[in-house]
Amino acid sequence: MSKPGVYPPIISDPYADAVTQPFWDATRKGRLACSRCTTCGTMLLPPQPRCYHCQGAHFEWVELSGGGTVYSFTVVRHALRPDLQAVVPYVSAVIELEGTQGAGARLLANIIDVDPATVRIGDKVKIVFDEVSDTLTVPRAIPA
Amino acid sequence: MRDKTAVVGVGSTPYWKRGGSLPESDTSMACTAILAALDDAGLTIKDLDGFAIYSSSCDPALLASVLGVPEVRFAATLTSGGGGSAGSIGLASAAIVSGQAEVVVSLMTLQQVGRRLGGTQTGSGAPVVRASPYGSGGVPPTYAFGAFSGVISPGHSFSILTQRHMHLYGTTREHLCEIAINQRNNAIKRPTSIRREPLTRDEYFNAPMLSDPLCLFDYTMESDGAIAVITTTAERARDCRQRPVYVMASANGGMGRWGPAIGAYFQQPDEYFASSGHRPVARRMYEMAGVGPDDVDVALLYDHFSPMVLMQLEDYGFCPIGEGGPFIAEGAIRLGGKIPVNTHGGHLSEAYIIGMTHVREAVEQLRGVAVNQVENAEIALVTGGPASLPVSGTLLRR
């Protein structure tokens, strides 16, 4: 069940509300969506009820390319739970997404299909989708 | 606020490894620490009239009733977690300067039995998250955005900040090793320390990596224990048992977009992502005190993770931004160095009571009774943990 390097989420539901549901609707269709402020264009991930830049309350959803860059990362080597023994080492990264301004719309994701020793800040990655349950499909990253 | 209040008493239980404090309870340890702190000051429970805490460290309603405090006139907490440790002394001072209370206790009591600090997810099943009691309840809708990344403990988060610092500035594990060894050297001499065996460079580099670039010795210990600190007016302090330690300045907060900083956030702007989040707090604290980093004689920097010592050295102006590594490599933080740091051994080697050991050490330094005494120490800096805002910094003087 557990795969080396692939962090298994402990949730199987996105616990979404009206603001976040469209993101999870998109991931289930294999698409990466981002909330954009219709007043000033600031991109927000996770989506929020207000824009931190202009305080606007109106947003639209736009589809991103799914390309991104490793902004920073860690290689987790110590298994904090028994079920992670078969998973470590795994890579957790902060990713800046193409088509966004960076900060404010960074995505936190597990980079899979990679030798942890080779990961560097600035690496190009691509977002892929992993169906965890009927209601939750999570984004992960692979080397681009 | 400057010099209008003073720390007059410090009290503590012993420090234990996580879970080692049984059959004590968090309440019994709090009572022991508060009574010891009052006694240190030459005061009694009849004098105590305020609680200024942080990180929801205790329930003042419970402690006031258990201890028989005659009347509570102030009970408040700084929000968030360990970032408020040093700032709780500022909160006490604010209560006193505004005339709301006169003898105020700041406190941490920590017992990690069956529950570990920092929201570390060590179990599977439903997520344990804190929802607002006034919201609709349940798991917050943004929770899921961090739940698939594998960042499940504070150590993972601080590894990510550290990796970025290394990338930008060339900081190395050698620099972190020097922080760990410096603090161990200081802890060895203190009878209160949990780790008193020497730490060598070889042991550091052979230790297991928990989350790159941090190894076992870059992580704090997990401890049990309680520490209470009593603050009162400068006038009243002069009649207390110990030499007063005056509160020069205290600030808490942070840039709004620093926000929760770690965990599932990581949206800090580029210019302060690889930092401790303390820069705005440091600026306000120095302004309030009318002094600068060159005036500080000893720095007690919150060290849940070794790299945050390095980033605070930069953010508090002991060296330029990005130069914390070379600064440390020169021996600057050692006893006798340019700015002795964590002379008690800190969280890495003495004990982890969420920042209050640092307040205790500052007071001992300024009373001139520290185990690793900095000669003629007049001004001490104490900080609260780099984490979600508010983070805090306090300057004390003798």
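Please tell me if B:S211 is touching a residue at least 24 places away in the same chain (Cβ under 8 Å) and within 11 Å of chain A (Cβ to nearest Cβ).
On the way: touching a residue at least 24 places away in the same chain (Cβ under 8 Å): yes; within 11 Å of chain A (Cβ to nearest Cβ): yes.
Taking the combined requirement at face value, the residue satisfies it.
Just checking, which of B:A76, B:A52, B:A86, B:A36 is modelled with pLDDT of 95 or more, touching a helix residue (DSSP H, G or I) at 6+ places or on another chain (Cβ under 7 Å) and surrounded by fewer than 22 Cβ atoms within 10 Å (Cβ to Cβ)?
Working: B:A52 fails: surrounded by fewer than 22 Cβ atoms within 10 Å (Cβ to Cβ); B:A86 fails: surrounded by fewer than 22 Cβ atoms within 10 Å (Cβ to Cβ); B:A36 fails: touching a helix residue (DSSP H, G or I) at 6+ places or on another chain (Cβ under 7 Å).
Only one candidate passes the filter, namely B:A76.
Could you go through the range B:215-233 and let me know if any residue there is buried (at least 20 other Cβ atoms within 10 Å of the Cβ) and within 11 Å of chain A (Cβ to nearest Cβ).
Yes, the range B:215-233 contains at least one residue that is buried (at least 20 other Cβ atoms within 10 Å of the Cβ) and within 11 Å of chain A (Cβ to nearest Cβ).
Restricting the search to the range B:150-160, which residues are at the interface with chain A (Cβ under 7 Å from one of its Cβ atoms) and touching a helix residue (DSSP H, G or I) at 6+ places or on another chain (Cβ under 9 Å)? Let's see the steps before the verdict.
Step one: filter the range B:150-160 for residues at the interface with chain A (Cβ under 7 Å from one of its Cβ atoms), giving B:150-153, B:156, B:159-160.
Once the filter is applied, which keeps residues that are at the interface with chain A (Cβ under 7 Å from one of its Cβ atoms) and touching a helix residue (DSSP H, G or I) at 6+ places or on another chain (Cβ under 9 Å), the range B:150-160 yields B:G150, B:V151, B:I152, B:S153, B:S159.
Of all residues in the range B:323-337, how many are in a loop (DSSP other than H, G, I, E, B) and either among the acidic types (D, E) or surrounded by fewer than 16 Cβ atoms within 10 Å (Cβ to Cβ) (or both)? Please lay out each step first, then the result.
From the range B:323-337, those in a loop (DSSP other than H, G, I, E, B) are B:323, B:330-337; that's our starting set.
From what is left, the residues that are either among the acidic types (D, E) or surrounded by fewer than 16 Cβ atoms within 10 Å (Cβ to Cβ) (or both) are B:323, B:330-331, B:336-337.
Counting residues in the range B:323-337 that are in a loop (DSSP other than H, G, I, E, B) and either among the acidic types (D, E) or surrounded by fewer than 16 Cβ atoms within 10 Å (Cβ to Cβ) (or both) gives 5.
In the range B:167-190, which residues are within 28 Å of A:S72 (Cβ to Cβ), polar (S, T, N, Q) and crowded, with 17+ Cβ neighbours inside 10 Å?
Across the range B:167-190, the qualifying residues are B:T171, B:N182, B:Q183.
Has the range A:90-99 got any residue that is more than 19 Å from B:A144 (Cβ to Cβ) and away from every other protein chain (no Cβ under 12 Å)?
Going through the range A:90-99, the residues more than 19 Å from B:A144 (Cβ to Cβ) turn out to be A:91, A:96, A:98-99.
Filter once more, so that each one left must be away from every other protein chain (no Cβ under 12 Å): A:98-99.
Taking every residue of the range A:90-99 in turn, at least one turns out to be more than 19 Å from B:A144 (Cβ to Cβ) and away from every other protein chain (no Cβ under 12 Å).
Looking at (1) free of Cβ contacts under 8 Å to residues at least 40 places away in the same chain; (2) surrounded by fewer than 17 Cβ atoms within 10 Å (Cβ to Cβ); (3) more than 10 Å from every other protein chain (Cβ to nearest Cβ), which is the one condition that is false for A:E131?
In the conditions (1) free of Cβ contacts under 8 Å to residues at least 40 places away in the same chain; (2) surrounded by fewer than 17 Cβ atoms within 10 Å (Cβ to Cβ); (3) more than 10 Å from every other protein chain (Cβ to nearest Cβ), A:E131 misses (1) alone.
Taking B:G138 and the conditions (1) surrounded by fewer than 20 Cβ atoms within 10 Å (Cβ to Cβ); (2) small (G, A, S); (3) facing another protein chain (nearest Cβ under 8 Å); (4) at negative phi, which numbered condition does it fall short on, given that it satisfies the others?
Unmet for B:G138, out of (1) surrounded by fewer than 20 Cβ atoms within 10 Å (Cβ to Cβ); (2) small (G, A, S); (3) facing another protein chain (nearest Cβ under 8 Å); (4) at negative phi: (4).
Do the conditions hold for B:D202, that is, is it outside any strand (DSSP E or B), over 30 Å from A:A117 (Cα atoms) and more than 12 Å from every other protein chain (Cβ to nearest Cβ)? Show your work before the answer.
On the way: outside any strand (DSSP E or B): yes; over 30 Å from A:A117 (Cα atoms): no; more than 12 Å from every other protein chain (Cβ to nearest Cβ): yes.
Criteria not met by B:D202.
If you go through the range B:240-248 one residue at a time, do you hit one that is touching a His at 6+ places or on another chain (Cβ under 7 Å), under 22 Å from B:V363 (Cα atoms), crowded, with 24+ Cβ neighbours inside 10 Å and of a type outside the set (F, W, Y)?
The first filter runs over the range B:240-248 and keeps only residues touching a His at 6+ places or on another chain (Cβ under 7 Å), leaving none.
For the range B:240-248, residues touching a His at 6+ places or on another chain (Cβ under 7 Å), under 22 Å from B:V363 (Cα atoms), crowded, with 24+ Cβ neighbours inside 10 Å and of a type outside the set (F, W, Y): absent.
Can you name the strands (runs of 3 or more DSSP E) wholly within the range A:1-88 that have at least 3 residues being at pLDDT 95 or above and surrounded by 15 or more Cβ atoms within 10 Å (Cβ to Cβ)? I'd like the intermediate steps shown before the answer.
Details: elements: A:33-37, A:59-63, A:67-76.
Here the list reads A:33-37, A:67-76.
Identify, by number, the condition in (1) touching a Gly at 6+ places or on another chain (Cβ under 8 Å); (2) away from every other protein chain (no Cβ under 14 Å) that B:Y169 doesn't meet.
(2)
Could you pull out the residue among B:M356, B:M248, B:M288 that is aliphatic (A, V, I, L, M), out of contact with any helix residue (DSSP H, G or I) (no Cβ under 9 Å at 6 or more places or on another chain), away from chain A (no Cβ under 14 Å) and more than 27 Å from A:G104 (Cβ to Cβ)?
Values: B:M356 fails: out of contact with any helix residue (DSSP H, G or I) (no Cβ under 9 Å at 6 or more places or on another chain); B:M248 fails: out of contact with any helix residue (DSSP H, G or I) (no Cβ under 9 Å at 6 or more places or on another chain).
Every option except B:M288 fails the conditions.
Does the range B:356-365 contain at least one residue that is within 25 Å of B:M255 (Cα to Cα), of a type in the set (V, I, T) and in contact with a Gly (Cβ under 6 Å, 6 or more places away or on another chain)? Can you show your working first?
Step one: list which residues in the range B:356-365 are within 25 Å of B:M255 (Cα to Cα), which gives B:356, B:358-359.
Next, from what is left, pick out any that are of a type in the set (V, I, T): B:359.
If we keep only those that are in contact with a Gly (Cβ under 6 Å, 6 or more places away or on another chain) as well, we get none.
Within the range B:356-365 (the criterion being within 25 Å of B:M255 (Cα to Cα), of a type in the set (V, I, T) and in contact with a Gly (Cβ under 6 Å, 6 or more places away or on another chain)), the answer is no, since none of the residues qualifies.
Could you tell me whether A:I142 is free of Cβ contacts under 8 Å to residues at least 60 places away in the same chain, under 25 Å from B:P154 (Cα atoms) and within 7 Å of another protein chain (Cβ to nearest Cβ)?
Values: free of Cβ contacts under 8 Å to residues at least 60 places away in the same chain: yes; under 25 Å from B:P154 (Cα atoms): yes; within 7 Å of another protein chain (Cβ to nearest Cβ): no.
Here the answer is no, as A:I142 does not meet what is asked.
Just checking, which of B:V105, B:V69 is closer than 23 Å to B:M248 by Cβ and β-branched (V, I, T)?
B:V105
Within the range B:364-398, count every residue that is buried (at least 24 other Cβ atoms within 10 Å of the Cβ) and part of a helix (DSSP H, G or I).
2
More than 22 Å from the chain's Cα centre (by Cα) and among the charged types (D, E, K, R) - does that describe any residue in the range B:274-290?
Step one: filter the range B:274-290 for residues more than 22 Å from the chain's Cα centre (by Cα), giving B:290.
Subset that is among the charged types (D, E, K, R): none.
No; the residues of the range B:274-290 include none that is more than 22 Å from the chain's Cα centre (by Cα) and among the charged types (D, E, K, R).
Just to be sure I understand, how many residues within the range B:210-228 are under 24 Å from B:I89 (Cα atoms) and touching a Pro at 6+ places or on another chain (Cβ under 7 Å)?
1
For (1) crowded, with 19+ Cβ neighbours inside 10 Å; (2) in contact with a strand residue (DSSP E or B) (Cβ under 7 Å, 6 or more places away or on another chain), each residue gets a yes or a no:
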| site | (1), (2) |
| --- | --- |
| B:T13 | yes, yes |
| B:A41 | yes, yes |
| B:I45 | no, no |
| B:C58 | yes, yes |
| B:G81 | yes, no |
| B:G90 | yes, yes |
| B:V97 | no, yes |
| B:L107 | yes, yes |
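Taking B:A30, is it within 18 Å of the chain's Cα centre (by Cα) and crowded, with 23+ Cβ neighbours inside 10 Å? If you could, list the steps in order and put the result at the bottom.
Working: within 18 Å of the chain's Cα centre (by Cα): yes; crowded, with 23+ Cβ neighbours inside 10 Å: yes.
Here the answer is yes, as B:A30 does meet what is asked.
Does at least one position in the range B:142-157 carry a residue that is closer than 23 Å to B:P340 by Cα and either touching a strand residue (DSSP E or B) at 6+ places or on another chain (Cβ under 6 Å) or surrounded by 24 or more Cβ atoms within 10 Å (Cβ to Cβ) (or both)?
Keep residues of the range B:142-157 that are closer than 23 Å to B:P340 by Cα, which gives none.
No, the range B:142-157 has no match at all.
The values are calculated or read from the model by the stated rules, or taken from the named source; none is laboratory data. The model shown is predicted, which means the values in this text are computed figures rather than measured ones. Ideal geometry is used to build each Cβ from the backbone, glycine not excepted, and the neighbour counts take in all protein chains shown.
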